[in-house]
Amino acid sequence: MKPFYIYNTLSRSVEELKPLNPPVVTLYSCGPTVYLPQHLGNLRTYISWDFLRRTLELNGYQVRHVINVTDVGHMTSDEDEGEDKIEKTARAEGKSPLEVASFYLAMFQRDLAALNQEQPMVWCRATDHIGDMIVLIERIVAAGMAYVTKSGVYFDVEKYRGARRIGKLSRQSLDEQHAGQRLEHSPDKKSPHDFALWVLNQPHHLMQWDSPWGRGYPGWHIECSAMSMKYLGETLDIHTGGMDHIPIHHENEIAQSESATGRPFARYFVHSAFLVGKSGSKISKSAGKFPLLADVTAAGLDPLAFRLFCFGAKYRSELALADEGLRAAQSNLDYLREFARNLPAEAAAATRDSEFAEEYRERFLEALNNDLNTPQALAIALELVAEAYRRNDRTIWNTLMFFDRVLGIGLEKTRAAGQAAAFPPDIQALIDERAEARKGRNFKRADELRAILEARGYEVKDGKGGAATYLRRDA
RNA sequence: GGCGGCGUACCCAAGUGGCUAAGGGAGAGGUCUGCAAAACCUCCAUUCUCCGGUUCGAAUCCGGACGCCGCCUCCA
């Protein structure tokens, strides 16, 4: 097995991955809050984790991937008070919080499917794991790292600071954080840094559960600790999330998890950079208007063009969303598909590729194993195809299939669709008429028919001696 | 106030001490073609925001300036 290197926020350096129990790798991805559609920035993050997972699988690892969904607990204002964002949407749309969450979760999952994301082993929702969270909070309380007040159960950051280190990830000392400077915090908290494990006495909150401390609901961070440990064990290999989770969410997850178990929580923390707008500013839900996958398809682009667009930049670099960039990705997609469609049967059936392809295969894997350098990997894939055209030797299909295990653009499907070219009768009639016209050198009519076919979503390509191919665009 | 990141051609984007600064898109020219498309070939940054420094050698390291952005409240 070749070494796989990944940037670990814990050490701030690229490290070789050494899973706890190889060949299994446990991977937990911090999921989104489902009260609005997930924008392209959110989707980029999950596609990055899909690249990570597929690369690990390409290396022979068995990945146990869990993605959670936050369907309770986010405040609009203070960390402990105020209205839950899901509840806010629920009130606005006249639905129950669970209906809102289910609706946007389904939309999120549809988007990921359209982007050819592999299904995680487990999708877990916070509201299905309240019991697990309560058990974990009890362990933290028993460890003496939390205290109970009338407004909730809080994690005692000061006490934890004495025992271990906080600021492992953000490299910020507590004094530097100025927590509570911009917002009021609960007077019950011993320190503004303390965060809620369980919130009590918020009668207006719609989602409430019974607990040993009274009726209430869980704090935000506890769900990830509880669910990741439940499905992946007390120490997981890789924990992923957006950059924005480094200073608060993941810091707190580590603190509460390690307080409960006394063991390291995650061996590798991997964080992704943002998709940004044209001014370089972050695309975020709270900013009001934000681009969706539906906008990409409405612009006539394939969802997989967005996937390739993301593949074209490193997960740790900000990526600027630009129309020209998306169109470039669509061109790459068309280029690869075109090759797959027109692949001669004998080239597809070959069990061994031509020798020159071998070097590309190695370079591709090497690029990915170097902290997921997807843009380099993409360049290598495109170069291989160009090289095949140049040599007029297309026996590279096995290598392309190898690439597609991470690229995830479904080239096999494209090729199969190219083989089975059965057209609807009306389309076939137009094709036949066009063949006749060309045969009779009636090019004016032939061009008209080409325009009609193209308008119906077919691609028309003429070859020598009256040959022509017709393809559905979306195949 | 603190912490962090970024600035590579018209656009997106690799490269982080040493072969000619990846790759794609756009653009220009060409081959092929009834035309168009696709594909292929050629061209397209003596230079990496700017100014100093270290070094035999820097886009890459150090210092400074300018510009853009993120986080410290929920956010991928």
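Can you compute the modelled spin-label distance between residue A:362 and residue A:299, with each label point 7 Å from Cα toward Cβ, in nm?
3.9 nm
How large is log10 of I(q)/I(0) for chain A at q = 0.07, 0.12, 0.13, 0.14 Å⁻¹ when the intensity is taken from the Debye formula with one equal scatterer per alpha-carbon?
Result of the Debye calculation: -0.45, -1.07, -1.21, -1.35.
Taking the Cα-to-Cβ direction at residue A:323 and at residue A:285 and moving 7 Å from each Cα, how far apart do the two end points lie in nm?
For the pair residue A:323/residue A:285, the computed spacing is 2.9 nm.
Relative to the longest principal Cα axis of chain A, at what angle does helix A:97-114 sit, 0 to 90 degrees, rounded to 10?
30 degrees
Report ³J(HN,Hα) in whole Hz for each residue of region A:394-411, in order, from the Karplus equation J = 6.51 cos²θ - 1.76 cosθ + 1.60 where θ = phi - 60°; Gly and Pro get x.
Values per residue, Gly and Pro as x: 9, 7, 9, 4, 4, 5, 5, 5, 4, 4, 5, 5, 10, 4, x, 10, x, 5 Hz.
State the antiparallel share, in %, of DSSP beta bridges confined to chain A, rounding to the nearest 5. List each step's numbers first, then the result.
Values: 23 of 46 bridges.
Restricted to chain A, the bridges split so that about 50 percent are antiparallel.
Please work out the C-alpha center-to-center distance from region A:54-72 to region A:292-323 and express it in whole Å.
21 Å
Consider a paramagnetic label point 7 Å from the Cα of residue A:456 along Cα→Cβ; state which residues of region A:387-431 have an amide N under 14 Å from it.
Zone members listed by number: A:422-431.
Which loop-located trypsin sites (Lys or Arg not before Pro) does region A:365-446 contain, where loop means any DSSP state but H, G, I, E or B and the Cβ has at most 10 other Cβ atoms within 10 Å? Numbers along the way, then the final one.
Working: sites: A:390, A:391, A:394, A:405, A:413, A:415, A:434, A:438, A:439, A:441, A:444, A:445; in loops: A:394, A:441.
Loop-located and lightly packed - A:441.
Over chain A, what relative contact order in percent results from Cα pairs under 8 Å that are six or more residues apart? Provide the component values of the computation, followed by the final result.
Details: 728 pairs, mean separation 75.8, N = 475.
Reported relative contact order: 16 percent.
Using modelled backbone amide H atoms (1.01 Å from N, in-plane), which distant-in-sequence or interchain residues come within less than 5 Å of residue A:71's amide H?
A:126, A:127
Just to verify a number: FRET efficiency for residue A:391 and residue A:103, C-beta to C-beta distance, R0 = 56 Å, to 0.05? Working shown, then result.
Details: r = 52 Å, r/R0 = 0.92.
So the FRET efficiency works out to roughly 0.60.
Within region A:19-46, find all residues whose amide N lies under 15 Å from a label point positioned 7 Å from the Cα of residue A:234 along Cα-to-beta-carbon.
none
Helix A:374-391 versus the longest principal axis of chain A: what is the Cα-based angle in degrees, 0 to 90, to the nearest 10?
For A:374-391 against chain A, the angle is about 10 degrees.
Taking the Cα centre of chain A as origin and charging only Cβ (+1 Lys, Arg; -1 Asp, Glu), how large is the dipole, in debye to the nearest 20?
Working: 59 positive and 64 negative charges, 176 e Å.
Roughly 840 debye for chain A.
Sort region A:316-419 into rounded, prolate or oblate with this rule: let a ≥ b ≥ c be the square roots of the eigenvalues of the Cα gyration tensor; rounded if a/c is under 1.5, and if a/c is not under 1.5, prolate when a/b is larger than b/c, oblate otherwise. Intermediate results must be reported in sequence, preceding the final value.
Working: a/c = 2.04, a/b = 1.36, b/c = 1.49.
Oblate, since a/c reaches 1.5 and b/c is not below a/b.
Report ³J(HN,Hα) in whole Hz for each residue of region A:19-28, in order, from the Karplus equation J = 6.51 cos²θ - 1.76 cosθ + 1.60 where θ = phi - 60°; Gly and Pro get x.
x, 4, 10, x, x, 7, 10, 8, 9, 10
Could you tell me how many degrees, from 0 to 90 and to the nearest 10, lie between the Cα long axis of helix A:251-261 and the main elongation axis, the longest principal axis, of the Cα atoms of chain A?
70 degrees
Which trypsin sites (Lys or Arg not before Pro) in region A:1-76 pass both tests, a DSSP loop state and at most 10 other beta-carbon atoms within 10 Å?
Numbers: sites: A:12, A:44, A:53, A:54, A:64; in loops: A:12.
Sites meeting the loop and neighbour criteria: A:12.
Show the residues, 5+ positions off or on another chain, whose built amide H is closer than 5 Å to the amide H of residue A:63.
A:25
Only bridges with both residues in region A:5-272 count here: give the DSSP antiparallel percent, nearest 5. Walk me through the numbers on the way to the answer.
On the way: 17 of 37 bridges.
Percent antiparallel among DSSP bridges in region A:5-272 is about 45.
Read the figures in this text as sums done on the coordinates, not as results from a lab. These numbers come from a predicted model, not from an experiment. Cβ: placed from backbone, ideal geometry, glycine included. Neighbour counts: every protein chain shown.
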